[in-house]
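S.K.: Sharing a structure here in structure tokens format.
The values are calculated or read from the model by the stated rules, or taken from the named source; none is laboratory data. Everything quoted here is computed from the prediction, not taken from an experiment. Glycine gets a Cβ as well: all are built from the backbone with ideal geometry, and neighbour counts include every protein chain shown.
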């Protein structure tokens, strides 16, 4: 095997490994299971001493957000499957693979933006005192996921 072919094979293996790793990590980071969401809301409701009206408003907000979140999570799963299919069939890194990676990043970004907008919408329902505790809970949760 010539030196050039070895370099090409090594480069291809590195690209495939990086792409699979990126898709897997992206899926792990942005595809949190539902119990964690429920757990956060249980902590939130317990810590903030919400009124019945606030609970009702937060639950309505969650239901509204749930549909879009489901859509965005599915878009991320589809993007990951598309990349997986390309990695299985493409012989080299090309514009199709590059576009699939961009599609994954776009889906992850859309999900993150949706989540942050939802957090700020939830925050608007709270009193100033509750917001302080809410901000701490959100920040602690994000830090915990960053470990």
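S.K.: Can you name the residue in segment 116-130 that is within 26 Å of residue 26 (Cα to Cα) and in contact (Cβ under 8 Å) with a residue 40 or more places away in the chain and, of all such residues, is surrounded by the fewest Cβ atoms within 10 Å (Cβ to Cβ)? Explain how you work it out, then say what you get.
M.R.: From segment 116-130, those within 26 Å of residue 26 (Cα to Cα) are 116-122; that's our starting set.
Within this subset, residues satisfying the condition of being in contact (Cβ under 8 Å) with a residue 40 or more places away in the chain are 118, 121-122.
Details: 118: 17, 121: 15, 122: 20.
Out of the qualifying residues, it is 121.
S.K.: Under the condition of being part of a helix (DSSP H, G or I) and exposed (fewer than 12 other Cβ atoms within 10 Å of the Cβ), which residue from segment 40-56 is nearest to the chain's Cα centre (by Cα)?
M.R.: Checked segment 40-56; the qualifying residue nearest to the chain's Cα centre (by Cα) is 42.
S.K.: Could you grab me the full set of residues in segment 131-147 that are under 19 Å from the mean Cα position of the chain (by Cα) and either surrounded by 13 or more Cβ atoms within 10 Å (Cβ to Cβ) or assigned to a helix (DSSP H, G or I) (or both)?
M.R.: Hits for segment 131-147 are 137, 138, 139, 140, 141, 142, 143, 144, 145.
S.K.: Suppose we filter segment 49-58 for residues that are closer than 20 Å to residue 117 by Cα and either touching a helix residue (DSSP H, G or I) at 6+ places or on another chain (Cβ under 9 Å) or in contact (Cβ under 8 Å) with a residue 40 or more places away in the chain (or both); how many remain?
M.R.: 4
S.K.: Among the residues of segment 109-130 satisfying the criterion of being out of contact with any helix residue (DSSP H, G or I) (no Cβ under 8 Å at 6 or more places or on another chain) and part of a helix (DSSP H, G or I), which is farthest from residue 51 (Cα to Cα)?
M.R.: Of everything passing the filter in segment 109-130, 109 is farthest from residue 51 (Cα to Cα).
S.K.: Among the residues of segment 11-25, is there at least one that is touching a helix residue (DSSP H, G or I) at 6+ places or on another chain (Cβ under 8 Å) and either outside any helix (DSSP H, G or I) or modelled with pLDDT of 90 or more (or both)?
M.R.: No, the conditions are met nowhere in segment 11-25.
S.K.: Just one of 74, 4, 59, 103 is loosely packed, with under 12 Cβ neighbours inside 10 Å, part of a helix (DSSP H, G or I) and at pLDDT 90 or above; which is it?
M.R.: On inspection, the qualifying residue turns out to be 74.
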